[in-house]
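For reference, the structure is listed below as structure tokens.
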Amino acid sequence: MTLTTTTSPPPADGPAGAPVTPVPVIPRRAQALIALLAVGVITLGAMLLTNPARTEAATTNDSATGAVEPTGNTTEVTVGVDGMSFTPGTIEVPAGDRLVITFENTGDQRHDLVLANGIESGSIAPGAATTLDAGVIRSSMEAWCSLAGHRAMGMELDIVAMGGVPTTADAGAAADAGAGSGDMPGMMHGDASDDVAAPSMVDLLAAAKDAEPMPAELPPLTDETLREYTFTVTESTETVADGVTRAIWTYNGTSPGPTLHGRIGDSFRITLVNAGTMGHSIDFHAGELAPDGPMRTIEPGESLVYEFTAGRAGIWMYHCGTMPMTQHIANGMFGAVVIEPDELETVDRQYVLIQSEMYLGGEGGTTSPTKAAAMQPDVVAFNGRAFQYAAHPLTASTGERVRMWVLDAGPNADLSLHVVGTQFDTVWNEGSYSVYRGASTDGVTQGTTGAQVLPLLAAQGGFVELVAPEAGHYAIVNHQMSLAEKGAKGVLEVTAAP
């Protein structure tokens with residue numbers, strides 16, 4: 001930390017450089033207790049009015065703790081970034097000094113610095129710097145990074161007034177301070193008290209009926225061996241249910257992003273373009289290469305080329321790898337790459353189902369770090385919208401073989417996929433068959449084994465196959481039923497074959 005003090009003529013109440021006593025920042029968890037104690041103090045004050053001796057003592061004590069006067073001095077501090085923390089994490093300022101902070105973003109993605117008195121730096125790119133005039137510091141206060149999820153990751157800064165009033169300044173009380181710099185999309189002011197309540201199942205179903213469903217069909221497999229794509233990052237707002245919106249970050253405007261389909265040995269060349277307002281990146285689980293270059297965070301307006309060769313079969317997740325990853329994945333930045341196993345048999349229909357979670361923050365805002373850390377999703381969805389395939393069922397006919405490719409994108413919850421009224425005669429999970437409709441290696445006769453669920457942890461994937469026995473409506477659910485009731489439910493509508 002670089003600290004410079006400029007000395008001016010001493011204030012009227014004492015010489016410059018007089019010794020001061022450091023006052024600790026009051027922990028946030030203690031503030032509620034302090035508020036309760038304040039009620040007791042008020043009551044006690046009323047009682048003292050009936051006792052002249054006590055009233056005189058209280059008056060004398062109050063006069064000894066008057067407001068902090070400006071010293072006329074300026075304390076200058078430089079603050080940097082290391083990973084997801086500020087360096088230093090604490091600034092000590094003589095009470096009454098004016099504080100000037102040079103904020104240097106020495107991190108690898110955008111950050112800002114917001115003070116509790118309302119002063120803000122605005123979003124600062126990596127390698128850039130700005131200066132904040134925090135005004136005269138009379139009491140200890142907190143500062144933080146307001147970009148989505150960053151504060152929850154530990155980007156907080158304590159400003160300790162040495163000898164000042166032992167309270168935390170209220171946000172917005174920017175006396176004697178310079179002007180703030182405003183918000184940008186993706187910033188997240190406020191706390192968990194701003195988080196909206198989870199929409200009801202009725203409201204989610206109504207929203208699903210009103211929206212066009214995302215196509216769930218697996219894209220056809222083409223013949224080229226070099227597969228080239230451009231992924232453009234965008235940031236926007238979507239309606240979750242009536243009166244409930246959230247910020248969404250996407251690849252090519254949809255969440256999940258495009259589903260890619262190839263064979264073992266195919267090469268993929270993806271050009272990532274960041275058309276957002278903050279740093280983003282991409283990580284393809286389908287490739288094997290050092291993350292340093294292709295998975296790096298790029299600034300708004302930048303692009304990179306990510307190339308890999310698919311060496312192994314599977315349904316592989318891709319996602320934004322920029323910290324905090326929980327925030328970027330839960331805000332919509334994920335998708336799937338399907339690499340078929342060799343000699344995979346043909347089927348009549350193939351669908352892709354990607355489960356994900358939503359942790360609703362403030363209205364129109366980004367993911368709630370509090371809910372995400374507690375693993376308490378408000379909404380769980382297949383292919384980005386709750387109940388969309390209950391409102392707009394997937395289809396098949398009796399006698400048709402249906403293959404469902406399934407990925408759990410998380411970022412946290414498990415998936416236990418079950419199709420009510422059917423059994424899976426083929427189950428392929430993370431690279432191996434546990435059930436196979438052909439003759440098995442241990443000699444079990446075809447058709448005598450089956451499975452009821454495909455169990456997946458976050459980022460795991462596989463596929464199941466089934467043949468519906470008769471016409472009807474077969475619910476597709478996460479058999480962790482609380483999650484199904486939050487939106488991880490669809491329907492396979494089977495009609496009689498012609």
If you go through the stretch 240-271, how many residues are more than 17 Å from the chain's Cα centre (by Cα) and closer than 18 Å to residue 327 by Cα? 1
Out of 208, 216, report the one residue that is under 22 Å from residue 367 (Cβ atoms), surrounded by 19 or more Cβ atoms within 10 Å (Cβ to Cβ), at pLDDT 95 or above and not assigned by TED's automatic domain parsing to the domain that holds residue 119. 208
Restrict the check to the stretch 193-211 and report whether at least one residue is in contact with a helix residue (DSSP H, G or I) (Cβ under 6 Å, 6 or more places away or on another chain), under 23 Å from residue 331 (Cβ atoms) and part of a loop (DSSP other than H, G, I, E, B). no
Which numbered condition residue 302 misses (of (1) over 24 Å from residue 155 (Cα atoms); (2) touching a Lys or Arg at 6+ places or on another chain (Cβ under 8 Å)): (2)
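Checking the conditions here, which among 303, 281 is over 25 Å from residue 369 (Cβ atoms) and under 24 Å from the mean Cα position of the chain (by Cα)?
Working: 281 fails: over 25 Å from residue 369 (Cβ atoms).
Just one listed residue meets the conditions, 303.
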Of all the strands (runs of 3 or more DSSP E) wholly in the stretch 38-155, which have at least 1 residues that are under 27 Å from residue 280 (Cα atoms) and either modelled with pLDDT of 90 or more or assigned by TED's automatic domain parsing to the domain that holds residue 411 (or both)? 74-81, 98-104, 129-136, 141-144
Filter the stretch 80-108 down to residues that are of a type in the set (A, V, I, L, M) and under 25 Å from the mean Cα position of the chain (by Cα) and give me whichever is surrounded by the most Cβ atoms within 10 Å (Cβ to Cβ). 81
From 182, 190, 172, which residue is over 22 Å from the mean Cα position of the chain (by Cα) and either in a loop (DSSP other than H, G, I, E, B) or at pLDDT 50 or above (or both)? 172
For residue 266, indicate whether it is over 22 Å from residue 329 (Cβ atoms) and either in the same structural domain as residue 349 (by TED's automatic domain parsing) or in contact with a Lys or Arg (Cβ under 6 Å, 6 or more places away or on another chain) (or both). yes
If we take the stretch 452-498, then strands (runs of 3 or more DSSP E) inside it with 3 or more residues that are touching a helix residue (DSSP H, G or I) at 6+ places or on another chain (Cβ under 8 Å) and crowded, with 16+ Cβ neighbours inside 10 Å are 472-478, 489-495
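Could you name every one of the strands (runs of 3 or more DSSP E) located completely within the stretch 314-429 that has at least 2 residues being buried (at least 23 other Cβ atoms within 10 Å of the Cβ), in contact (Cβ under 8 Å) with a residue 60 or more places away in the chain and of a type outside the set (A, V, I, L, M, F, W, C)?
On the way: elements: 314-319, 334-340, 349-358, 379-382, 394-397, 401-410, 415-419, 426-429.
Result: 314-319, 349-358.
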Answer yes if at least one residue in the stretch 282-296 is outside any loop (DSSP other than H, G, I, E, B) and touching a residue at least 40 places away in the same chain (Cβ under 8 Å), and no otherwise. yes
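The values are calculated or read from the model by the stated rules, or taken from the named source; none is laboratory data. Since the structure is predicted, the reported quantities are computational estimates derived from the model, not experimental observations. Cβ coordinates were reconstructed from backbone atoms using ideal geometry, including for glycine residues, and neighbour counts include every protein chain displayed.
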